[in-house]
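Coordinate-derived values only; no laboratory data. A quick note: this is a predicted structure, and the numbers were derived from the prediction, not measured. All Cβ positions, even for glycine, are placed from backbone atoms using ideal geometry, and neighbour counts span all protein chains on display.
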Amino acid sequence: MAKIFFTGFYRYVMLTICPIKNLSKIKSDVAVNKNNQISFCGLEQDSFNKELKLRVYNPYTLAYSYNDENMVVDLSKPQTFCLNRSTRKHYDGQVFELDYNPNRYGYLVDKQKCKPVRTMILSSVSGDNKFGYHFLSEDLKEEYGYVNFSKCLRHKSFNSPYDELLRDYPMLGIKGERLIVDYLENLQDSKIGGVGHLADKLSVKYCADNKLPLNIVSMADLNSHVAHYLRGKRFFPLDKEYNVWQYNFFMDKYGISNVNKILRILVEKAKLTGEKIDISDWGTLPMYMPKRLALNCLVELKRYPIL
């Protein structure tokens, strides 16, 4: 299982397979050189002007995809990059397509210099049910992080520990169609911030662009709960019959089962004492994006649009 560390990187995990329909695939022709190495897709020879060796984390295979040899490309033009090498031998030879547009970008934060960092946003699709965004430097030589989602068009129970993401919570406005955040990771957490916030905006943008309700859910993995809470995410209520182990754990340790209230108390105490919050014994917990946070993202997207 992927890990999410509050002091390291953020990653969500969703192990449930969701029935997905009508998510269009990226289509392009694959260019192959004499050594049978995939280099690039969809560019004309006279547009080449930069050398690039691309290496990007592939959340669909949980490995890095890359090209062996430098590609010569013009980064001022939209194009699709096709990578056919993988750090996991099982996926070596499987093409990973990344859609690039020079006008699709957002901003992260340089933690050391305290200034914004422009990041190119490349998109990807896996089959009909998953899609993602990948945050790279302007020259595409550094990867800052990524996020990928699953779009669930109908509710269905799978009798797994992650059913909470598929249940309806009418009192919270979470019901019917929803977007599940599968993975979110900051690959340079010591230097770069804002990956989670940019991922939140892109998830809201996807819902708005595709006329989906703003039902965005995910699992907080080990040691990540505080970071998600501070970013505005909230946790679903624990049912003492449905979430027996989790409910009993919080009741025994804190005397209450409201995870959001527990986190608020822990954060306030940490601000006063300066002590580190220890939640190393917490398990994975389902959470959602409150409507107020989603609406704030919409306002920000209106002021600073992302293609």
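Here are the numbers for this structure:
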read-out: Whole-Hz couplings from phi, Karplus 6.51/-1.76/1.60, listed for region 198-205; x for Gly and Pro; value: 5, 5, 4, 5, 5, 5, 5, 4
read-out: FRET efficiency estimate (nearest 0.05) - Cβ-Cβ, Asp139 to Leu230, R0 35 angstrom; value: 0.65
read-out: For Leu54, distant residues with modelled amide H under 5 Å away; value: Asn67, Met71
read-out: Trypsin sites (Lys or Arg not before Pro) within region 174-274: DSSP coil, no more than 10 neighbouring Cβ in 10 Å; value: Lys211
read-out: Distant-in-sequence amide H partners of Lys111 (H built 1.01 Å from N, under 5 Å); value: Ile192, Gly193
read-out: Distance between modelled label sites at Asn260 and Asn103, nm, 7 Å Cα→Cβ extension; value: 3.9 nm
read-out: FRET efficiency, Gln112 to Lys175 (Cβ-Cβ, R0 35 Å, nearest 0.05); value: 0.20
read-out: Potential extension, Asp209-Asp278 segment - 0.36 nm per residue separation minus Cα distance; value: 20.9 nm
read-out: Assigned charges on the beta-carbon of Lys, Arg, Asp, Glu; region 237-293 dipole about Cα centre (debye); value: 360 debye
read-out: For region 80-235, size of Cβ-based charge dipole, Lys and Arg +1, Asp and Glu -1, in debye; value: 320 debye
read-out: At most 15 other Cβ within 10 Å, DSSP loop - GluC sites (Glu not before Pro), region 197-281; value: Glu241, Glu275
read-out: Vicinal HN-Hα couplings computed from phi for region 113-129 (Karplus, 6.51 cos²θ - 1.76 cosθ + 1.60; Hz; Gly/Pro x); value: 9, 6, 9, x, 10, 6, 10, 6, 10, 9, 10, 8, 9, 10, x, 9, 10
read-out: Trypsin sites (Lys or Arg not before Pro) restricted to DSSP loop in region 70-99 with at most 15 other C-beta within 10 Å; value: Arg88
read-out: Cut-off under 5 Å, modelled amide H: who pairs with Glu138 long-range; value: Met120
read-out: Dipole moment magnitude, nearest 20 debye, region 162-287 about Cα centre, only Lys, Arg, Asp, Glu C-beta charged; value: 520 debye
